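Notes follow the structure.
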Amino acid sequence: MDKSSIQKRITKLRSEIARLRDAYHTKNAPDVTDEVYDSLTRELKELLQNYPEFDDSNAPENRVAGKPLDKFVKVKHEVKMFSIGNVFSAEELFAWEKRNLKLLPNLQKQSLDYFCELKFDGLAISLIYEDGKFARGVTRGDGEIGEDITQNLKTIKTIPLAFEAPYPERIEIRGEAIMKKNVLKKLNEENEKEGKLLFANSRNAAAGSLRQLDPKLAEERHLDFFAYEIAQIKGEKWQKYVDKHSLKHELLKKLGFAVDVYAKEVVDSKDILNFIDKISKVRDSLDFGIDGVVINVNETKIFENLGVAGKDPRGIIAFKYPAEKATTIVKDILINVGRTGVLTPLAVFEPTLVAGSRVSKATLHNMDQIERLDLRIGDTVVIEKAGDVIPKVVEVLTRMRTGKEKKFKMPKTCPACRGSIEKKETSAQIREISSGLTLPGVPGGTHTIQKSREFAQMSVAYYCSNPKCPAKNERYLEHFVSVFEIYELGPKILSRFKDEGLITDAADIFTLEKVDIAPLERFGEKSAENIIKEIENKKHVSLTRFLWALGILHVGEETARDLAEHFGTLEKLIFSARQDLAEVDNIENIGPAVSKSLVVFFNDKNNLNFIKKLKKNGVVVEKAEENLAKRNGKLKGLSFVLTGTLPNMSREMAKKKIISLGGKVVGSVSKNTSYVVAGVDPGSKLKNAEKLGVKVLDEKKFQNMIG
């Protein structure tokens, strides 16, 4: 982008961030997730670092939180309440430490002492105590002026109304008002029964509860409070407690406040990373929400000497855990030709960090999805990626449009071979997301709800009609070796073999010899030997894998298994597809779209010749043996989803065991899933299971079940 475009982008970002900040902090009605807000803020920060001439000290991003509401008495903070800057990676954390060390040239050591604590997901509060009694409680507001919510805060049992002696004459304590997960769950259950709207998260629930005009309503919400800072304290003998941030926590605990039990002093940035890693493993099991770890320079004098940069003190930073959502700009939409000839739109965007890795592409599935999202080239979009799941575009931020965005049109010819394109109606699994619905809630507040649902919908797919399309052939080769589990043959090696004329289709793979491969540049005797050995070991294949590998439209692993169980042999299936169509139509779990694909595939002479060629080249398709244990197994009728790493058995072993006992293994969690088997470091599937109430098994319980 040129400078003019950069400036316009910065203006757009500032405007949207200001609107989102107001919705989040002032109205308690955010219409995007924290991850999306953080991503937009991160982009603005990076642009201003590269183009400092567009920086503006009075810009919205340099303000703290939002304006106070009119319905509460406004109170000026005696000590300003700053916000905290964010980092998202170890590299950014090291850079923060390095910048601080440069500002401390007289420091006698090469690293600083730190104090790490949880970053609670709640509402920041300031409490004033005078003569040992709770005098006033104020929200952060815009950092300078907040709202007096003293009466509501008195309903929180973890906020002491008075201290036991000895106590400082006057003290200002800061912390976070939160709603625990079990309280939120119960509150939402009650709201659902009464037909009220549900709270999107515990932060919204806590904020909405404290902004009730009637303290009785706030009391019914059963909030908690964690203290983490002493902003000011009166009395000489108490000053020793504010020399270090860790000592402040000790005093807060003595005064009767709940403090973070995980908080810890550390000596360098490596220890910080160990703390972050430790918390990441227990994060989901905590009974309250957190979205990261706060790192403080422990010594107060050094903290104060570092000063403030904009709205953030330099001596404190928040490490945010990898977001599953981020924002970016779609630069282009390309077309990928799949192994069945289907044309799939692919969004190409500015590389962005999401779920711990940088991504620059995401599938758009089909034209229906593009139209449903109202996506255009140049749009600012929300990318979602959970764990190892393929990234996808889930939302378009239409407010960020400039008017230069372009609508996408499907090409009239195949981009790989210029062959003709044909349309086919097909069934697609669609995920619909409703986000940002700001709706009236109970008296005194509004709430934002986010919902998603998956459903099957008929849509139009575009196909390349050329059977010799090189793109189809290339993708099919990759699919074939993947299903056959010939791991030595990656995409680059397959392309090399094709370029060298060693193979033209998948059947040729089984005719390769060591002398064909060894002379090739960057291969040699050993690698050639490994490849040939792997190919030989995979010539015997189950009927399920063989059918899956053929690339028949609509026939994936599960459908291939159903077909193999029903027919037993490849010959019986081919005969039925060509002669006895009624039997194909009446197979359990096989719909009309699949049966039609089978008939079309096995009545094509090219496909039959390919199967003959595979057999001629040594491929042996094993019969599907009658498995009474499976048909009458203890897991018959049950479906399982596997997530995470099982310490004592591989995922493939678990999968085979489930299938052998009559169960099914599926890829995604739904309300129809029987069990989720969760190992170490489970992904979003575990969260989905908890949301849907699906039973979760650890490895020990799973092993007991399967015997």
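The values are calculated or read from the model by the stated rules, or taken from the named source; none is laboratory data. Model, not experiment: these values are computed from the prediction. Note that each Cβ is placed from the backbone with ideal geometry, even for glycine, and that neighbours are counted across all protein chains shown.
When every residue of region 11-28 is checked against the conditions, at least one turns out to be modelled with pLDDT under 85 and more than 26 Å from the chain's Cα centre (by Cα). When you check residue 31 against the structure, is it over 30 Å from the mean Cα position of the chain (by Cα), at pLDDT below 90 and acidic (Asp, Glu), yes or no? So residue 31 fails the test. The set of residues in region 69-98 being more than 15 Å from residue 126 (Cβ to Cβ), charged (D, E, K, R) and touching a residue at least 40 places away in the same chain (Cβ under 8 Å) consists of 71, 97. Look at (1) buried (at least 19 other Cβ atoms within 10 Å of the Cβ); (2) in the same structural domain as residue 414 (by TED's automatic domain parsing) and you find that residue 351 fails only one, number (1). Scan region 354-372 for residues that are within 19 Å of the chain's Cα centre (by Cα) and surrounded by fewer than 17 Cβ atoms within 10 Å (Cβ to Cβ) and the total you get is 6. Per the listing 78, 117, the residue uniquely in the same structural domain as residue 176 (by TED's automatic domain parsing), of a type in the set (D, E, K, R) and not in a loop (DSSP other than H, G, I, E, B) is 117.
When only residues in region 127-145 that are among the small types (Gly, Ala, Ser) and under 33 Å from the mean Cα position of the chain (by Cα) count, which is farthest from residue 306 (Cα to Cα)? Looking at residues that are among the small types (Gly, Ala, Ser) and under 33 Å from the mean Cα position of the chain (by Cα), I get 141.
Evaluate the following for residue 325: is it at pLDDT below 85 and surrounded by 20 or more Cβ atoms within 10 Å (Cβ to Cβ)? Yes.
Residue count for region 632-659, restricted to those that are at pLDDT 80 or above, of a type outside the set (D, E, K, R) and within 15 Å of residue 707 (Cα to Cα): 7. Evaluating residue 340 against the criteria (1) without any contact (Cβ under 8 Å) to a residue 60 or more places away in the chain; (2) in a loop (DSSP other than H, G, I, E, B); (3) not aromatic (Phe, Trp, Tyr) leaves one unmet condition, (1). Residues in region 504-518 include none that are in contact (Cβ under 8 Å) with a residue 12 or more places away in the chain, among the aliphatic types (A, V, I, L, M) and closer than 24 Å to residue 662 by Cα.
Name the single residue, out of those in region 682-696 being not hydrophobic (A, V, I, L, M, F, W, C) and not in a helix (DSSP H, G or I), that is nearest to residue 185 (Cα to Cα). Of everything passing the filter in region 682-696, 693 is nearest to residue 185 (Cα to Cα).
Of note, residue 108 satisfies the criterion of being surrounded by fewer than 19 Cβ atoms within 10 Å (Cβ to Cβ), out of contact with any helix residue (DSSP H, G or I) (no Cβ under 8 Å at 6 or more places or on another chain), modelled with pLDDT under 70 and not β-branched (Val, Ile, Thr).
Selection of region 343-364 for residues being of a type outside the set (Val, Ile, Thr), part of a strand (DSSP E or B) and in contact with a Pro (Cβ under 6 Å, 6 or more places away or on another chain) yields 358, 360, 362. Every listed requirement among (1) under 33 Å from the mean Cα position of the chain (by Cα); (2) of a type in the set (Val, Ile, Thr); (3) at pLDDT 90 or above is met by residue 183 save one, (3). Residues satisfying the criterion are absent from region 543-566 (criterion: small (Gly, Ala, Ser) and either more than 37 Å from the chain's Cα centre (by Cα) or part of a strand (DSSP E or B) (or both)). Restricting attention to region 99-112 and to residues that are without any contact (Cβ under 8 Å) to a residue 60 or more places away in the chain and charged (D, E, K, R), the residue that is farthest from residue 272 (Cα to Cα) turns out to be 102.
Within region 204-233, which residues are assigned to a loop (DSSP other than H, G, I, E, B) and either among the polar types (S, T, N, Q) or within 23 Å of residue 82 (Cβ to Cβ) (or both)? Of everything in region 204-233, those that are assigned to a loop (DSSP other than H, G, I, E, B) and either among the polar types (S, T, N, Q) or within 23 Å of residue 82 (Cβ to Cβ) (or both) turn out to be 211, 212. When region 562-606 is filtered for residues that are touching a His at 6+ places or on another chain (Cβ under 7 Å) and modelled with pLDDT under 85, the ones remaining, listed by number, are 587, 593. In this structure, does residue 385 turn out to be modelled with pLDDT under 90 and among the basic types (Lys, Arg)? Answer is yes for this residue. When residue 305 is tested against (1) of a type outside the set (D, E, K, R); (2) part of a helix (DSSP H, G or I); (3) under 29 Å from the mean Cα position of the chain (by Cα), only condition (3) is not met.
Taking region 652-667 as the range and being surrounded by 13 or more Cβ atoms within 10 Å (Cβ to Cβ) and either assigned to a loop (DSSP other than H, G, I, E, B) or in contact with a Ser or Thr (Cβ under 7 Å, 6 or more places away or on another chain) (or both) as the test, the residues that pass are 661, 662, 663, 664, 666.
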